1. Does the stretch 22-154 come out rounded, prolate or oblate, given a ≥ b ≥ c as the square roots of the eigenvalues of its C-alpha gyration tensor, rounded meaning a/c under 1.5 and, failing that, prolate meaning a/b above b/c?
2. With θ set to phi - 60° and the Karplus curve 6.51 cos²θ - 1.76 cosθ + 1.60, what are the ³J(HN,Hα) couplings of the stretch 41-58 in order, to the nearest whole Hz, using x for Gly and Pro?
3. With equal scatterers on the alpha carbons only and no solvent term, can you work out the Debye log10 of I(q)/I(0) for the chain at 0.08, 0.11, 0.16 1/Å?
4. Given Cα pairs under 8 Å that are at least 6 residues apart, what percent is the relative contact order of the stretch 184-305?
5. Taking the chain as a Gaussian network, Cα atoms linked when under 10 Å apart, which of Lys60, Lys97, Lys74 shows the biggest mean-square fluctuation?
6. Please list, in order along the stretch 93-103, the HN-Hα scalar couplings obtained from phi with the Karplus expression 6.51 cos²θ - 1.76 cosθ + 1.60 (θ = phi - 60°), rounded to whole Hz, x for Gly and Pro.
7. Which of rounded, prolate or oblate describes the stretch 234-304 when judged by the alpha-carbon gyration tensor and an a/c cut-off of 1.5?
8. Let's see if you can work this out: charge +1 on each Lys and Arg Cβ, -1 on each Asp and Glu Cβ, no other charges. What is the dipole magnitude of the stretch 234-304 about its Cα centre, in debye to the nearest 20?
Amino acid sequence: MVKYALVCLLLMLSGTVFSEGAEKDIVIVIDPGHGGKDYGRLASKDDYMHEKELNLIIAKKLGNYIETNLSHVKVIYTRTDDTYPSLTARCNLANNKKADYFISVHCNGSPNNAAAKGTETHVNSFDNKTSYQFALLVEKEFKTRAGRKSRGVKNSADRHHSLQVLKDTDMPSILIEAGFMSNAEEEAYLNSSYGQEIIASAIFRATRTFLKKKHPTINFTDGNTETADGTPYYRVQIMSSIDKVDTDIPEFKKLGVEVTRRKVNSSSMYKYKYTIGKSKDKKEVKKLQKLAREKGFKDAYIVRY
Ligand SMILES: [Zn+2]
């Protein structure tokens, strides 16, 4: 009996040591700005979307990229439909869930300067080094790989007020202005699924680089953490290969969107499959198939899994 109790005690102790040694998953709160009664900036035409709708689409694409490509990261949205959680509720959610990072997604506008264009990433203060580092990486991705005009990282002094979601969240937080809806060219871009995909994948790449840097002991790519809710997604398969090919080769880079590699158990020699996009809406994915074909992947076809 004593021996049994000792074994139990040892098991308990080793269990404790084990759980302390394992790093917990990273929690990222993604906040699609506005929603419900709060439209944000209004669309200039009937067939364009209002800011609240654009924010939600880009935010969900970003969340999908993270969930598909990074293990040990949990995504929580402040909203997933056309509702309006108050700014206080958004901050409380992130604080109560003890989120590690907070990303708010918005689109910009300038009422008296139709020429203003480009992306901005806001932080509450440049003194918050972690938020600032993250914001710099987002703007760098916008500028380099996504080919956007970057207006840089802004703080509350730049905009003469502080944004509540940046100020009242306890964790490093950034607010992204993905482009100017008041600029005709950028409004069209933001309304295209191509543009939305490029914006979301730029934010995703910055997030991945940032997480790897901040958490060097976590292996973010040791498995596919795709959330299985029973419904398969449509994707565009652009290539398959016998040997493992890097997902950032120039041929893939010119697509402008994130390429996902997957190893499959198959009797074929081609064990590696490369896809872009991920949506339950086949029409969305068809647009990406067209893009892939235009960029040289003539045999790109739609797969579902
Ligand atoms: Zn906004």
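Each value in this text was obtained by applying a stated rule to the coordinates, not by laboratory testing. Keep in mind that this is a model prediction, so the values were computed, not measured. Note that each Cβ is placed from the backbone with ideal geometry, even for glycine, and that neighbours are counted across all protein chains shown.
1. Oblate shape, in that a/c is at least 1.5 and b/c is the bigger or equal ratio.
2. My calculation for the stretch 41-58 gives 6, 8, 5, 7, 9, 4, 8, 9, 9, 6, 4, 4, 6, 4, 4, 5, 5, 5 Hz in order.
3. At q = 0.08, 0.11, 0.16 Å⁻¹ the computed log10 ratios are -0.39, -0.70, -1.37.
4. After rounding, I find 30 percent.
5. Lys97
6. 4, 4, 5, 5, 7, 6, 4, 8, 9, 10, 10
7. Values: a/c = 1.91, a/b = 1.29, b/c = 1.49.
Oblate, because a/c is 1.5 or more while a/b does not exceed b/c.
8. So the magnitude is around 360 debye.
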